[in-house]
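J.: The following block contains the structure, expressed as structure tokens.
What follows is calculated from the coordinates using simple rules that are stated; it is not laboratory data. Given the structure is predicted, the values throughout are model-derived calculations rather than measurements. Every residue, glycine as well, gets a Cβ built from its backbone with ideal geometry; the counts of neighbours run over all protein chains shown.
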Ligand SMILES: [Ca+2]
Ligand SMILES: [Ca+2]
């Protein structure tokens, strides 16, 4: 009879309760599970699993067996997994009646579902709705094929087991194969440990589709790694200095199917501190810098430039001082110094400005034959450059290095109006191409 309302169906079910306890204990009970079965639309619509080496995908089966047994063994559908992994399942109810659902696994393969831990899940599932869950393969489970049973029962009034008799519902059996585990990498090696970074390598595992890993401050492996790699190397550069870390690594043998974790600990280096820099000696063409040692620095880098942006790297040295020569006189330089504490481990740049001395003798720096007059000058300064070709730039700086005047010229004779400058000593730079001529002038 079809389309009975639930109330009428409940009365009909109550009438058969006395007969309902007569289940058999045969090798996997497959009969006497129902009086009516699934023919009145009380069925498992779909059942699937994920997270295994192989998974079950059994969609839209409806009422597969219209006899009163309402029992189907889907022997071609196998979920393959191993101890330590979890089986994720999803059961979709039919679209007509709400049901109670049950899931069993015969872990010890003795033909029943009554041993401890063999009832996996039970609960209610609404009309057309689905239930999902996850359960681990218990430690100590032997290798081989186990039976997994999914069951729905309409409106049970007493305890439902894998074999108890009910009025309406359906049973679907599947294979659950417990196989040898996915092998973890045999070891994990940490290298290039720095203040905030480290590299990891490990031996390849035959047949692996990838590796799942994470670096945490806990010795307990995570539920899932934050990173996945298809190679046998990994790097991380977001660590904190002087901290104990744990590298957790496992093999992925299939989608959602993993080995146990391998964990290797390491400690990041102390922070890479910058050195304290002193500018010791400045001449017309050289600057000497020196610095205090930094405990975990392996070497230092310095740079002396006339441009302001920090360089990508500097000149490397293990010494604690450096003299930079062949500089231009009367020129402002940007001096930078940093510690190197390991591969890709640098301190911040330390920064100072230095101004090379102005020449005491004009001849010392005069690369051209300029005629500058009058000197001292008070209002107008005239610069004659007999060898002039093309454009030139004339700059005036005060003795502190501050540029007070700049003028571009394309004629052999240039005049500068210096009437508004403060009286004192100034440095005049005449730049034409690569030729730089430097002179000291006095403003009255
Ligand atoms: Ca079905
Ligand atoms: Ca059993």
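J.: Within the stretch 362-443, what percent of beta bridges assigned by DSSP are antiparallel, to the nearest 5?
T.: The antiparallel fraction comes to roughly 95 percent.
J.: Find the all-direction average of the projected area of the Cα convex hull for the chain, expressing the result in square nanometres with one decimal place.
T.: Seen from a random direction, the Cα hull of the chain projects 35.9 nm² on average.
J.: Antiparallel as a % of all DSSP beta bridges within the chain, to the nearest 5?
T.: Counting DSSP beta bridges with both partners in the chain, the antiparallel share is about 90 percent.
J.: Can you give me the Cα centroid spacing of the stretch 203-239 and the stretch 383-400 in angstrom?
T.: Centre-to-centre (Cα) distance: 63 Å.
J.: Please find the FRET efficiency linking residue 158 to residue 127, where r is the Cβ-Cβ separation and R0 is fixed at 25 Å, and quote it to the nearest 0.05.
T.: The formula returns an efficiency of 0.65 here.
J.: Rounded to the nearest 10 degrees, what's the angle between the helix 6-15 long axis and the longest principal axis of the chain, both from Cα atoms, 0 to 90?
T.: For 6-15 against the chain, the angle is about 50 degrees.
J.: Could you work out Rg/(2.2 N^0.38 Å) for the stretch 362-443, with Rg from alpha carbons only? Show your work: numbers first, answer last.
T.: Details: Rg = 11.7 Å, N = 82, 2.2 N^0.38 = 11.7 Å.
For the stretch 362-443, the normalised Cα radius of gyration comes out at 0.99.
J.: Could you work out the relative contact order of the chain, using alpha carbon pairs under 8 angstrom and six or more residues apart, expressed as a whole percent?
T.: Relative contact order, the chain: 10 percent.
J.: Using 0.36 nm per residue, how much length does the chain from residue 295 to residue 431 gain when fully extended, once their Cα-Cα distance is taken away? Don't jump to the answer; show the numbers that get you there.
T.: Values: separation 136, 0.36 × 136 = 48.96 nm, distance 4.47 nm.
Using 0.36 nm per residue and subtracting the Cα-Cα distance, I get 44.5 nm.
J.: Could you calculate the FRET efficiency of residue 382 with residue 351 from 1/(1 + (r/R0)^6), where r is the beta carbon distance between them and R0 is 45 Å, rounded to 0.05?
T.: 0.70
J.: Same structure, new question: Based on DSSP, what percent of beta bridges with both residues in the stretch 6-178 are antiparallel, to the nearest 5?
T.: 80 percent
J.: Label points 7 Å out from Cα along the Cβ direction at residue 224 and residue 444: separation in nm?
T.: The answer from the label model is 8.6 nm.
J.: Let me ask something additional. Quickly estimate the mean residue ellipticity at 222 nm for the chain, helices only: each DSSP H run with n ≥ 4 gives -39500 (n - 2.57), and the total goes over all residues, rounded to 500.
T.: Result for the chain, helices only: -1000 deg cm²/dmol.
J.: Please find the FRET efficiency linking residue 319 to residue 204, where r is the Cβ-Cβ separation and R0 is fixed at 60 Å, and quote it to the nearest 0.05.
T.: It comes out at approximately 0.85.
J.: Then there is this: Run the numbers on the stretch 362-443 and let me know its relative contact order in percent, using alpha-carbon pairs under 8 Å that are six or more apart.
T.: Taking the mean separation of contacting Cα pairs over the length of the stretch 362-443, I get 36 percent.
J.: Using per-residue counts of other Cβ atoms within 10 Å, averaged over each peptide, order 138-148, 218-228 from highest down.
T.: Most protected by this proxy first, the peptides run 138-148, 218-228.
J.: Please arrange 281, 106 by counting, for each residue, the other beta carbons lying within 10 Å of its beta carbon, fewest first.
T.: 281, 106
J.: If Rh is defined by the Kirkwood formula over all Cα pairs and Rg also comes from Cα, what ratio Rg/Rh do you get for the stretch 50-100? Intermediate values should be presented prior to the final figure.
T.: Values: Rg = 13.6 Å, Rh = 13.2 Å.
Rounded to two decimals, Rg/Rh equals 1.03.
J.: Another question, then. Give me the distance between the Cα centres of the stretch 404-444 and the stretch 32-46, rounded to whole Å.
T.: That distance is 103 Å.
J.: How many nm is it between the label spots at residue 403 and residue 326, if each spot is 7 Å from the Cα in line with the beta carbon?
T.: Placing both labels 7 Å beyond Cα along the Cβ direction yields 2.4 nm.
J.: Which whole-angstrom value gives the distance between the alpha carbon centres of the stretch 70-124 and the stretch 260-327?
T.: The two parts, judged by their Cα centres, are 65 Å apart.
J.: Normalised by the residues of the stretch 189-267, what does the relative contact order come to in percent, with Cα pairs under 8 Å and at least six apart?
T.: In percent, rounded to a whole number, it is 35.
J.: Provide the gained length on full extension for the span residue 186 to residue 276, in nm with one decimal, where the gain is 0.36 nm per separating residue minus the Cα-Cα distance. Write down the numbers at each step before the final one.
T.: Numbers: separation 90, 0.36 × 90 = 32.40 nm, distance 4.55 nm.
Extending this stretch completely gives an extra 27.9 nm.
J.: Mind sorting 420, 352, 443 by how few other Cβ atoms lie within 10 Å of their own Cβ, fewest first?
T.: With the fewest neighbours first, 420, 352, 443 line up as 420, 352, 443.
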